[in-house]
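Chemist: Structure provided below as structure tokens; questions to follow.
All of the numbers you see were taken from the coordinates with simple rules; none came from a lab. Remember, it's a predicted structure, so these values are computed and weren't measured experimentally. Every residue, glycine among them, receives a Cβ derived from its backbone with ideal geometry; neighbour counts consider all protein chains shown.
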Amino acid sequence: MPAETSIVARSPHDPARTYRVSKATDAYDALTAAMKMTDPACQDDGRFVLDDQPAETLTYVCDTCDVFTLCKAYARLARPTGAVWAGRRYKSDTTEESSDDRRE
């Protein structure tokens, strides 16, 4: 993970005011905006959040997803504590399980 995990941004309401925004937050915002426009198959599929669901059984959904790149960027920055993100299972110990490197 890069040492620089946040950026300084200007408030849209008060340009003189700045605040720190994490890159993961930025990536999440981009992902959720894209999900609202494309409605990916994973969005309402509970299998993506089940702890016992192997990531390999869901890769066919991720392989054709329009938001795959955004999902992968968010997961790599945020290191989610669970669920399947961009074809990989993330666990509470911040490790990833995957049988391959998806769309590297």
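Chemist: What number of residues within segment 55-81 are of a type in the set (G, A, S), closer than 20 Å to D26 by Cα and touching a strand residue (DSSP E or B) at 6+ places or on another chain (Cβ under 6 Å)?
Modeler: 1
Chemist: Pairs only if they're at least six apart or on different chains, beta carbon under 9 angstrom, first in segment 58-73 and crowded, with 20+ Cβ neighbours inside 10 Å, second of a type in the set (D, E); list them, first residue then second.
Modeler: L58/D45
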